[in-house]
Amino acid sequence: MENKKQRILIEQEIHDCNYNKARDEKICELEILKQSIEEKKKQAQDYYDQLLRLKADFENYIRRSEKEKKDYLEWGKEKILLKQISIDDVLRQALKSAKLGNNIESIVLGLEMISKEFSKMLKEEGVKEIECDKFDPNICEALEYIGSEEEDGKILEVYQKGYKMNEKLIRAAKVKVAKNNKENIVGNEK
């Protein structure tokens with residue numbers, strides 16, 4: 001019996017030892033998990049702080065960009081207005097000359113100066129006149145079609161010139177277009 005008691009005691013000790021060992025392992029795992037959670041919380045807080053800084057930086061960037069855009073637009077207006085003031089100076093000179101002189105030649109000369117000055121300003125801004133002899137609906141707007149002996153689609157008169165800026169149409173030419181009566185008659189006979 002004594003052997004049996006010893007064996008039970010040994011088994012009890014082994015069991016207690018295993019239980020303590022398992023408990024210690026679980027406690028150790030719990031500590032590791034707590035440390036991991038703390039690290040993740042700290043990392044999450046760092047990410048959140050970075051996000052707040054990025055948000056503030058982006059808002060500042062937007063404000064700065066809007067201000068720069070406004071400044072550029074103002075600078076562009078100023079640049080154009082200075083050129084128009086120059087044209088106004090030429091116009092005033094022409095008016096003064098027209099008031100002093102009785103000949104029409106001085107008025108024509110003044111108007112030519114104004115036209116040249118204005119054309120120069122447009123050219124400096126990258127604006128080009130559209131040259132077209134034949135009607136093209138991509139760059140012309142036909143205000144009138146006239147029966148004519150000319151070939152069909154030939155531009156007879158330009159009411160308003162068309163303009164492109166950097167190869168982009170900014171105003172279509174307003175034109176009078178020939179409609180050849182002979183071609184229409186021949187076309188109807190076929």
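The values are calculated or read from the model by the stated rules, or taken from the named source; none is laboratory data. Keep in mind that this is a model prediction, so the values were computed, not measured. Quick reminder, even Gly has a Cβ in these numbers, built from the backbone with ideal geometry, and neighbours come from all protein chains shown.
Just give me the residues in segment 160-175 being under 22 Å from S115 (Cβ atoms), of a type outside the set (S, T, Y) and part of a strand (DSSP E or B), in sequence order.
Going residue by residue through segment 160-175, those that are under 22 Å from S115 (Cβ atoms) are 160-165, 170-175.
Now drop any that are not of a type outside the set (S, T, Y), which leaves 160-162, 164-165, 170-175.
Within segment 160-175, Q160, K164, M165, I170, R171, A173, K174, V175 meet the criteria.
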Members of segment 129-146 found to be surrounded by 14 or more Cβ atoms within 10 Å (Cβ to Cβ), under 17 Å from I170 (Cα atoms) and not hydrophobic (A, V, I, L, M, F, W, C), listed by number = E129, D136, E141
Which listed residue is under 22 Å from Q84 (Cα atoms) and assigned by TED's automatic domain parsing to the domain that holds L81, from M113, M165 = M113
Complete set of residues in segment 66-118 that are among the hydroxyl-bearing types (S, T, Y) and surrounded by 13 or more Cβ atoms within 10 Å (Cβ to Cβ) = S86, S97, S106
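Within the group E131, E144, E157, E105, which residue is assigned to a helix (DSSP H, G or I) and either in contact with a Lys or Arg (Cβ under 6 Å, 6 or more places away or on another chain) or closer than 30 Å to D88 by Cα (or both)?
Details: E131 fails: assigned to a helix (DSSP H, G or I); E144 fails: assigned to a helix (DSSP H, G or I); E157 fails: assigned to a helix (DSSP H, G or I).
After applying the criteria, what remains is E105.
In this structure, is L33 at pLDDT below 75 and either surrounded by 10 or more Cβ atoms within 10 Å (Cβ to Cβ) or not in a helix (DSSP H, G or I) (or both)? Break it down into steps so the answer makes sense when it comes.
Values: at pLDDT below 75: no; either surrounded by 10 or more Cβ atoms within 10 Å (Cβ to Cβ) or not in a helix (DSSP H, G or I) (or both): yes.
When the stated conditions are applied, L33 does not pass them.
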What number of residues in segment 99-133 are basic (K, R) and over 34 Å from the mean Cα position of the chain (by Cα)?
-> 1
State all residues of segment 147-181 that are farther than 29 Å from K77 by Cα, at pLDDT 90 or above and surrounded by fewer than 13 Cβ atoms within 10 Å (Cβ to Cβ); if no residue qualifies, say none.
-> E157
